[in-house]
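The values are calculated or read from the model by the stated rules, or taken from the named source; none is laboratory data. The structure displayed is predicted, hence computed values, not measured ones. Positions of Cβ are generated from backbone atoms using ideal geometry, with glycine treated the same way; all protein chains shown enter the neighbour counts.
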Amino acid sequence: MASKGWIEVNETYCKGCELCKSACPPGVIGMADHLTPKGYHPAELIAEGCTGCGICTVVCPDAAITVFRELSGAKVRAAEMVA
Ligand code: SF4
Ligand code: SF4
């Protein structure tokens, strides 16, 4: 099934704590092989299946994740959607 959501990780803020990885229901977050300038392995999407649920951005202590969802074919930042 095609993804309905996706994330962008701000590697300036991510400290590789893996909270988002543990919290992601479909398990599509992993840790990248490369290091950030601060020396952390940042979070990244590792598979299809992101639902755009937003849990990862809620649990991130460093506000490093922005969640996007597809809405009627348009790509919309989840935080800007009206419930
Ligand atoms: S928005 Fe939800 S499904 Fe997508 S990466 Fe974050 S926790 Fe996982
Ligand atoms: S919860 Fe935030 S700081 Fe921790 S690994 Fe995920 S994106 Fe990085």
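Assorted remarks:
- The number of residues in the range 35-50 being surrounded by fewer than 17 Cβ atoms within 10 Å (Cβ to Cβ), closer than 23 Å to Leu71 by Cβ and near ligand 1 (Cβ under 10 Å from one of its atoms) comes to 2.
- Selection status of Gly30, surrounded by fewer than 18 Cβ atoms within 10 Å (Cβ to Cβ), in contact with an Asp or Glu (Cβ under 9 Å, 6 or more places away or on another chain) and of a type in the set (Gly, Ala, Ser): yes
- Of the candidates Thr57, Thr36, the single residue that is among the polar types (S, T, N, Q) and part of a loop (DSSP other than H, G, I, E, B) is Thr36.
- The one condition from (1) modelled with pLDDT under 95; (2) crowded, with 17+ Cβ neighbours inside 10 Å; (3) among the hydroxyl-bearing types (Ser, Thr, Tyr) that Ser72 does not meet is (2).
- Cβ-Cβ contacts under 6 Å between residues 6 or more apart (or on different chains), taken from a first residue in the range 37-52 that is over 18 Å from Ala63 (Cβ atoms) to a second residue that is charged (D, E, K, R) and assigned to a loop (DSSP other than H, G, I, E, B), are listed as Thr51/Lys4.
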